[in-house]
Amino acid sequence: MSQLAHTVRGVDHVAFPTFDLAGTVAFYRDVLGFPVVHSICAAGWGPEKHPDFIHFFFDIGNNDRLAFFYYFGYEPPQRGVKGDVYARFDDDIPDFFVKSRHLAIHVDSEADLTEYRRRLDHSQWPVELQVQHETIESIYTHDPNGYFVEITRALRPVTPQEDHDANLTVDALVDVVKGPDVSMAALLTRKAELIVERAADWEPAQR
Amino acid sequence: MTQLYMLDIPENTPIVDVADQDPHVTVDKVGPYFRIAADTPIVIDRRATGCRHAVWYSSVAGLVQSRITQWDKDAMRIEPT
């Protein structure tokens, strides 16, 4: 376990380009109700031929922000048939991979999740999927830029043993990917060794 | 010997209970994990557990000299390697 002081405080902002400015504002501000909280109007400058741009931010709660760049006069080269405006892929790339990168926004309750579902379902971007995972329930849609967006609630608090288990998983995986057999079977075998090795650490840690 | 571990969380409890119904199976605790062991292969019927798929397919935490030979919507079968 890391002994480093852990002083960061969540996501300040995460930033994406958009080429559908009106759609992006409609989706995040008008449909989801995320307030616009900051923007920068900047002339292009610097050694690279940088276009003039607008950098603008939506409040996604908890003082965290979702930001976009809109570049004047710049259109990305069109390639691929899958993915979003930032990352395009050919048709032979499987969907599990294309959809792996996504943004998940937290809500506190089932009522809140239902309300965001209602807002999306009354828009051009209805919920595509609602699913209960292991310990969370999520709704998903794609925003006007093709970015995969999830809104999620916890079905229950995360337990201390799940944090313990997560550390064992990551340590076992770090070991396994260095070896000759990189597989789920090898991971579960290495994890069983760590379960036994660290069992003695568990009970005192819970007192 | 067939042996596997499952983390002690509420979602996994029904799986451990179903496994424990087999008279060949013994269950004890190692740290925050259930250790499920038998001299025979261990077979767990998913429908008997009532588990959602997401829980079912992430329930195994460790394997000791054992391998999973079936892990689908019907059952999980673990055998000695």
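Tabulated data for the structure shown
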| item | result |
| --- | --- |
| Condition check for residue A:171: free of Cβ contacts under 8 Å to residues at least 60 places away in the same chain and more than 11 Å from every other protein chain (Cβ to nearest Cβ) | yes |
| Selection from segment B:64-76 of residues that are within 14 Å of chain A (Cβ to nearest Cβ) and assigned to a strand (DSSP E or B) | B:64, B:66, B:67, B:68, B:69, B:70, B:71, B:76 |
| First in segment A:189-207 and under 13 Å from residue B:6 (Cα atoms), second anywhere and assigned to a helix (DSSP H, G or I) and at pLDDT below 85, Cβ under 6 Å, 6 or more apart | none |
| Residue satisfying condition, being basic (Lys, Arg), within 30 Å of residue B:50 (Cα to Cα) and loosely packed, with under 13 Cβ neighbours inside 10 Å, within set A:118, A:79, A:101 | A:118 |
| Conditions (1) in a strand (DSSP E or B); (2) out of contact with any Gly (no Cβ under 8 Å at 6 or more places or on another chain); (3) not hydroxyl-bearing (Ser, Thr, Tyr): number failed by residue B:48 | (1) |
| Test: residue in segment B:53-63 that is more than 11 Å from chain A (Cβ to nearest Cβ) and either over 10 Å from the mean Cα position of the chain (by Cα) or under 18 Å from residue A:172 (Cβ atoms) (or both) | no |
| Whichever residue in segment B:21-42 is of a type in the set (D, E, K, R) and in contact with a Phe, Trp or Tyr (Cβ under 9 Å, 6 or more places away or on another chain) and, among such residues, is farthest from the other protein chains (Cβ to nearest Cβ) | B:28 |
| Candidates A:16, A:96, A:89, A:72, filtered to the one that is of a type in the set (Phe, Trp, Tyr) and touching an Asp or Glu at 6+ places or on another chain (Cβ under 7 Å) | A:72 |
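Every residue, every condition in (1) within 9 Å of chain B (Cβ to nearest Cβ); (2) surrounded by fewer than 14 Cβ atoms within 10 Å (Cβ to Cβ), yes or no:
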residue: A:126; (1), (2): no, yes
residue: A:146; (1), (2): no, no
residue: A:160; (1), (2): yes, yes
residue: A:165; (1), (2): yes, no
residue: A:177; (1), (2): no, yes
residue: A:192; (1), (2): yes, no
residue: A:198; (1), (2): yes, no
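For (1) in contact with a Lys or Arg (Cβ under 8 Å, 6 or more places away or on another chain); (2) charged (D, E, K, R); (3) under 15 Å from residue A:145 (Cα atoms), each residue gets a yes or a no:
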| position | (1), (2), (3) |
| --- | --- |
| A:57 | yes, no, no |
| A:64 | no, yes, no |
| A:81 | yes, no, yes |
| A:84 | no, yes, yes |
| A:92 | no, yes, no |
| A:95 | yes, yes, no |
| A:99 | no, yes, yes |
| A:103 | no, no, yes |
| A:111 | no, no, no |
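The values are calculated or read from the model by the stated rules, or taken from the named source; none is laboratory data. As the structure is a prediction and not an experimental result, all values here were calculated from the model. Backbone-built Cβ (ideal geometry, glycine too); neighbour counts: all protein chains shown.
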